[in-house]
Every structure is written in structure tokens, then in C-alpha cells.
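First up is the structure itself, then whatever we jot down about it.
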Amino acid sequence: MAAQLPSIPPQFKSIQHHLRTAQEHEKRDPVVSYYCRLYAMQTGMKIDSKSPECRKFLSKLMDQLETLKKQLGDCESITQEIVGSAHVENYALKMFLYADNEDRAGRFHKNMIKSFYTASLLLDTLTVFGELTEENFQHRKYARWKATYIHNCLKNGQTPEAGPIGLDGEDYDENDDQAMFSMAGQAPERSSSTYQPGNVPSSNFTGIQIPPGAHAPANTPAELPPSSGASGTNIAHPVPQNIPVVDPSLYNTPAQGEGRLTPEDYARAQKYCKYAGSALQYEDVNTAVQNLQKALKLLTTGRE
């Protein structure tokens, strides 16, 4: 476990929730925890690296990063940026889609607000790997706005409008950050949401496309509804799935040669494989096959 940080200086208010997210994920997902701290470190250096209190804080934060890096050893998500980027992106988008599904179903609760908001924080974290893609930029904007909108509705005793609605006229207020993060720190009040592979609708709102492999809930198993069995033991039963037919043309497509592939092509292929691996963790064979087919097509034809 990382050493305790001193009190955060007022200058670093904008990164306090990224650090809290890092702390929450120390055991749940150390890779996510590491990159949240790295983002906070890089951002803090830009804000103030000269005043004594900020220098002291950043020094302790750097010590945390070094400790975490040693603990993670030769983890590919730390040693290879492309793998680390895919890991954080996939985690953030799974959390985003969980919240979006709850929102569309009209299930408004503290955990979905936190999922929207935390997803936006993790999408911030992706900037340690470079500039955000337009899709992730829009995801971040929508997630943070939705968290604010639903939080304010519930605070004022109003029923939020479910699903995607226009961003115009709804102002994001950074003063709501602390309240949102605090109120969302509990387990969900409603437990009617259970992840079922293959049941996630295709989402398309305000130009935002949900990427493949983002079909798992943000909740940990401890937050899922308990089994109703008499024994009281939670037993995971496999969910029947319709396995997609593999495109037969992929078997017969001659490779076009590595010379036709760009570094970006290799990066996209790695991401598809990473998404497939993540989907298999949740026994989502359909999503895994779709992503592997996309990676194979890209590698053999140079096209998506």
C-alpha cells in the first residue's frame, strides 16, 4: 500500500479527486491507481512546482509512484504505454457504459453518479499518454455533465430525464465536485442492475460512439445483488450466448506484408486484442470474437 500523502495544498484542488480515485483503486486495480497518481503528478507540476508546500507534496507523491512501480514489477501495463493506455481506457469506458445503461433505464442512484464522474476522471488520466481522441473527449464531457445534472436533480428533489439529452443550457459547476464524489461513495441504493453479456444496446448520442469491449459494469462483485438461493451462497451461472460467425474471408485473406502497416495500425490492433481479453474476463464471447476479427482484418488487409 502506498504511503500516506500530506494534506493536499489548495493549489492542487483540481487533482484531489484523481488522487482519491487512485487510493480507492490501490487493491481493486493497481494499474489504474498508478496512472491516476501519474496524472496528478504531471498536472501538479504544471500548476505549481516551486512553492514549498507544493514541492513537498509532489515529492511525497513521486515517492508513492516509485513504490507502486516497484510493486507492479514488470507488469506490461506499466512497462508498455500502449498496453497501459488500453487498460485505463477500457476500464474507464466500462464504467461509463455501466452508468449510461443505468441512466437509460431510469435507475438513478449514487453509484451510477459516481460511475459517470469517476469515468470522466479516468478519461482525464488518459492524457498522460497523449492528446485525447475526439471520442474520449466527448465521453469525458458527457460523463461529467451527466453526473452533475443527475446529482443536482436528486439534490433538488427532481426526477432526472433518462438517457441522452442535449448539453445546451446545462452548466457544469466545479463546486459540485466534492458533493458528487462524497454522496457517491456508498454502495448503490438500488440493486436491480446485473450485467448480462450481450444485452448491451448500441449507444450513439451527441456524436459519441461506444467503443468495442466496453461491456462490463464498474461494480465490483461485492456490489452485485446477492443470490436468492436458499443456501445463501452466490453461485455464478453461465449466461447462454449467441456466438458470432467468424467471417470466412479472414481465413483466406493473404497477408499484405508488414510494410503496409503503420505504427498506428499496430496500436489499434493491440487495442482490439486488449478489448477482447477484457471481454473474456467477463465471459463475453461475442465481444471477444468481434474484436479479434477486427484485429485480424486490420493486420491482414491494413484496413478496418
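Can you find a residue in the stretch 85-97 that is at positive phi, modelled with pLDDT of 90 or more and open to solvent by 20 Å² or more (accessible area, probe 1.4 Å)?
Of the stretch 85-97, the ones at positive phi are none.
Among the residues of the stretch 85-97, not one is at positive phi, modelled with pLDDT of 90 or more and open to solvent by 20 Å² or more (accessible area, probe 1.4 Å), which makes the answer no.
Would you confirm whether or not the stretch 31-53 contains a residue that is touching a residue at least 24 places away in the same chain (Cβ under 8 Å) and under 19 Å from Ala276 (Cβ atoms)? Quick ask: steps written out before the conclusion?
First pass over the stretch 31-53, keeping only residues touching a residue at least 24 places away in the same chain (Cβ under 8 Å): 31-44, 47-48, 51, 53.
Cutting the leftovers down to under 19 Å from Ala276 (Cβ atoms) gives us 31.
Yes, the conditions are met somewhere in the stretch 31-53.
Which residues, taken from the stretch 42-76, are among the small types (Gly, Ala, Ser) and open to solvent by less than 10 Å² (accessible area, probe 1.4 Å)?
We begin by selecting, within the stretch 42-76, every residue among the small types (Gly, Ala, Ser); these are 44, 49, 51, 59, 73.
Hit for the stretch 42-76 is Gly44, nothing else.
(1) in contact with a helix residue (DSSP H, G or I) (Cβ under 7 Å, 6 or more places away or on another chain); (2) closer than 19 Å to Glu24 by Cβ: which one isn't true of Glu102, the others all being true?
In the conditions (1) in contact with a helix residue (DSSP H, G or I) (Cβ under 7 Å, 6 or more places away or on another chain); (2) closer than 19 Å to Glu24 by Cβ, Glu102 misses (2) alone.
Only one of these conditions is not met by Glu26: (1) of a type in the set (D, E, K, R); (2) open to solvent by 70 Å² or more (accessible area, probe 1.4 Å); (3) not in a helix (DSSP H, G or I). Which number is it?
Result: Glu26 fails condition (2) only.
Could you tell me how many of the residues in the stretch 90-112 are closer than 19 Å to Val32 by Cα, of a type in the set (Gly, Ala, Ser) and either in contact (Cβ under 8 Å) with a residue 60 or more places away in the chain or part of a loop (DSSP other than H, G, I, E, B) (or both)?
So the answer is 1.
Please specify each residue of the stretch 4-23 satisfying the condition of being in a loop (DSSP other than H, G, I, E, B), open to solvent by 20 Å² or more (accessible area, probe 1.4 Å) and more than 18 Å from Leu121 (Cα to Cα).
At the first step, the residues of the stretch 4-23 found to be in a loop (DSSP other than H, G, I, E, B) are 4-9.
Going one step further and asking which of them are open to solvent by 20 Å² or more (accessible area, probe 1.4 Å), we end up with 4-8.
Passing the criteria: Gln4, Leu5, Pro6, Ser7.
When you scan the stretch 292-301, do you find a residue that is open to solvent by less than 70 Å² (accessible area, probe 1.4 Å), of a type in the set (A, V, I, L, M) and at pLDDT below 80, even just one?
Just the residues of the stretch 292-301 that are open to solvent by less than 70 Å² (accessible area, probe 1.4 Å), to begin with: 293, 295, 298, 300-301.
Next cut, of a type in the set (A, V, I, L, M) only: 295, 298.
Narrowing further to those that are at pLDDT below 80: none.
No: the stretch 292-301 contains no residue that is open to solvent by less than 70 Å² (accessible area, probe 1.4 Å), of a type in the set (A, V, I, L, M) and at pLDDT below 80.
The values are calculated or read from the model by the stated rules, or taken from the named source; none is laboratory data. These numbers come from a predicted model, not from an experiment. Glycine gets a Cβ as well: all are built from the backbone with ideal geometry, and neighbour counts include every protein chain shown. Heavy atoms of the whole protein, side chains included, go into the accessibility calculation; ligands, DNA and RNA do not. Shrake-Rupley method; radii C 1.70, N 1.55, O 1.52, S 1.80 Å.
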